């Protein structure tokens with residue numbers, strides 16, 4: 001199976017505003033389920049989406065392309081699923097004061113679990129980016145979901161704990177991991 | 001508050017037609033070329049192309065060109081926005097109650113532990 005998913009949203013905002021939300025560092029990205037993006041955006045560098053307190057890492061990948069304000073490509077693996085990394089491509093285009101965001105998620109090779117899980121997530125995430133950029137917050141349903149996730153965080157798989165992620169243990173030995 | 005009501009107009013128009021909803025059902029299974037959709041529906045390619053145009057305008061379908069083939073993908077984001085707008089707020093009751101319950105259980109457990117760890121006078 002080689003599934004490929006494309007999700008699109010049109011946002012009433014300049015491309016720079018949308019790009020800033022998607023590539024925001026150090027602060028939580030509400031549309032990405034309140035995670036914090038950590039990376040230096042250099043092709044070949046590691047990128048992670050982690051919990052605000054830094055204890056858990058949910059998504060780990062490698063930057064492939066970074067071309068502000070139109071394109072961000074990175075590999076993608078859920079830390080709790082032992083699958084090979086998939087590929088995420090963010091593409092932004094602006095016309096008539098609207099910014100179109102296209103997320104293409106591909107390279108699912110026999111990865112039904114990741115494919116099923118991200119399909120609903122991208123739908124929510126893109127709707128949320130629109131909502132945050134246009135109104136300043138995510139919709140109520142998502143806020144409730146965030147509350148639930150915070151509450152049940154202690155039950156999240158232990159594989160998401162930073163100290164249990166092999167790639168990050170190696171990186172830490174190098175010494176220069178950026179702390180927000 | 002910036003209203004985005006008008007954004008959903010094309011979505012409602014697109015969803016108002018049964019054949020277009022059938023196309024969305026087909027694409028929910030997996031992405032398909034225009035020809036494959038026409039075959040599955042037993043309809044003419046021309047008719048299907050017209051309906052796809054309306055679905056694209058509503059951003060319910062997005063197209064990727066692969067050589068000479070045009071592959072149509074379902075984009076459920078606009079439907080999610082309809083859901084958030086009319087249904088999202090009703091999720092509140094049970095979900096927030098659950099969170100509240102969980103928090104109060106945790107709070108009680110935590111304060112119980114605290115009491116055991118460092119007993120206070122009185």
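Couple of notes before you dig in:
- Among the residues of region A:54-69, at least one is in a loop (DSSP other than H, G, I, E, B) and within 27 Å of residue A:151 (Cβ to Cβ).
- Every residue from region A:89-116 that is touching a strand residue (DSSP E or B) at 6+ places or on another chain (Cβ under 9 Å) and in a helix (DSSP H, G or I): A:112, A:113, A:114, A:115
- Residues in region A:41-53 that are more than 14 Å from the chain's Cα centre (by Cα) and closer than 18 Å to residue A:31 by Cα: A:53 only.
- Single residue of region A:127-170 satisfying the filter (at the interface with chain B (Cβ under 8 Å from one of its Cβ atoms) and in a loop (DSSP other than H, G, I, E, B)) that is surrounded by the most Cβ atoms within 10 Å (Cβ to Cβ): A:139
- Positions within region B:31-68 being surrounded by 13 or more Cβ atoms within 10 Å (Cβ to Cβ) and outside any helix (DSSP H, G or I), in sequence order: B:31, B:32, B:33, B:43, B:58, B:59, B:60, B:61, B:62, B:63, B:64
- Selection from region A:9-18 of residues that are at the interface with chain B (Cβ under 7 Å from one of its Cβ atoms) and either buried (at least 21 other Cβ atoms within 10 Å of the Cβ) or on the phi > 0 side of the Ramachandran plot (or both): A:9
- Conditions (1) farther than 23 Å from residue A:120 by Cβ; (2) under 23 Å from the mean Cα position of the chain (by Cα); (3) part of a loop (DSSP other than H, G, I, E, B); number of the one not met by residue B:9: (3)
We did not get these values from a lab; they are worked out from the coordinates using the rules stated. Because the structure is predicted, anything quoted here is derived from the model rather than measured. Cβ atoms come from the backbone with ideal geometry, glycine included; neighbour counts cover every protein chain shown.
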